[in-house]
Amino acid sequence: MSEETTPLVVFGDLHGHLDLFERLLAHVDARYPQARLVTLGDYVDNGPQIPALLDRLIALQAERPGRFFPILGNHDLALLRALGWPGDTPDGAWYDRWRRRYWNPGGETPAAYGARDLRGFERSFPLAHFRFLAALPWFYDDGEHFCVHAGLHPGPIGRQRAHLAAKTLPPEPLGLPDALRDKRLAQVHDPTWERVVVSAHTHLAGRSLFSAPRRVCVSATADVGEGLLAVVLPERRCWRTQGVTTVEVSGGW
């Protein structure tokens, strides 16, 4: 079965919610056993099972080569920047920004690894987890769908794709690329785009999806207590797991 005929299932922000991901993945596997899977990033921060989730994603990459495509989110990139990526010297300014702007109360990623500060986190964060996040692409492009964490600006995709492929950081020392962090892009739609742009990152209050002819945004619900969403493409069928139940949902709850 070719990529053009194999369903693409795209999961919203996971944020350490391995239990929700496992239940939704089991539901997807039962209905779409040959589907390609994309996770849209934000694996760390604000959830109860961050180390176990990263272990599971690493295992899925090995188990499903050519079928599982995790990409990077802004929370994941903030973690990498705090640890010095793309260099190897931890960055105290980035750690402080990550601490102040990214963590819900009680949702600190370092604490999930038994660390209280940057030095402790540098020592305790497993090399396998660092290498996994650092190696992740910043988008997935199958020729029909362009999956990215936050969205794209209007205009040709090619130039934006090139910057994402090169993992180009903005010139501001504490900046991140708009495509990974700008919530204003959640409902930006350009009818001339040559792909359907698919993202998550932004909580769409009262809605599961923003949908336009060349745009899909999956509401980021896991770290606000509203379960986990996945959308099946190209049909745009949407599923939500919350608690122990998984149900099909429309554009609203």
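Since every read-out is calculated from the coordinates, none of them should be taken as a lab result. Everything numeric here is computed off the predicted structure, so don't read it as measured data. Here the Cβ positions follow ideal geometry from the backbone for every residue, glycine too, while neighbour counts run over all protein chains shown.
Values as computed for the structure displayed
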item: The range 205-247 - Rg over Rh from alpha carbon coordinates, Kirkwood radius; result: 0.98
item: Spin-label pair Ser124/Arg236, simplified geometry with 7 Å Cα→Cβ offset, distance in nm; result: 4.4 nm
item: Net charge of Cβ neighbours under 11 Å - reference Glu248; Lys, Arg +1; Asp, Glu -1; result: +3
item: Within the chain, percent of DSSP bridges classed antiparallel, to nearest 5; result: 60 percent
item: Gained length - Ala135 relative to His153, 0.36 nm times residue gap less alpha-carbon distance; result: 4.0 nm
item: For the range 97-153, alpha-carbon Rg over 2.2 N^0.38 Å; result: 1.50
item: Mean projection area, nm², convex hull over Cα of the chain; result: 12.7 nm²
item: Span-like helix ranges in the chain, DSSP H, alpha carbon extent 18 angstrom or more, Kyte mean at least 0.5; result: 50-63
item: Residues Asp55 and Asp117, FRET efficiency given R0 of 22 Å [Cβ-Cβ distance, rounded to 0.05]; result: 0.40
item: Sites Thr245 and Ala62 - FRET efficiency at Förster radius 30 Å, r taken between beta-carbons, to 0.05; result: 0.50
item: Principal axes of the range 1-62: Cα extent on each, largest first, Å; result: 36, 21, 18
item: Alpha-carbon gyration tensor eigenvalues x 5, square-rooted, for the range 61-202, Å; result: 28, 17, 14
item: Charge context of Pro110, other residues only, Cβ under 9 angstrom, K/R +1, D/E -1; result: 0
item: Estimated translational D of the range 131-180 in µm²/s (Stokes, Kirkwood radius over Cα pairs; 10 °C; 1.306 mPa s); result: 135 µm²/s
item: Translational diffusion coefficient (Stokes-Einstein; Kirkwood radius from C-alpha pairs) of the range 1-137 at 10 °C, 1.306 mPa s, in µm²/s; result: 102 µm²/s
item: Separation in nanometres of the label points that stand 7 Å from Cα toward Cβ, at Leu174 and Gln187; result: 3.0 nm
item: Counted charge near Ala78, where neighbours are those whose Cβ lies closer than 12 Å (Asp, Glu -1; Lys, Arg +1); result: +1
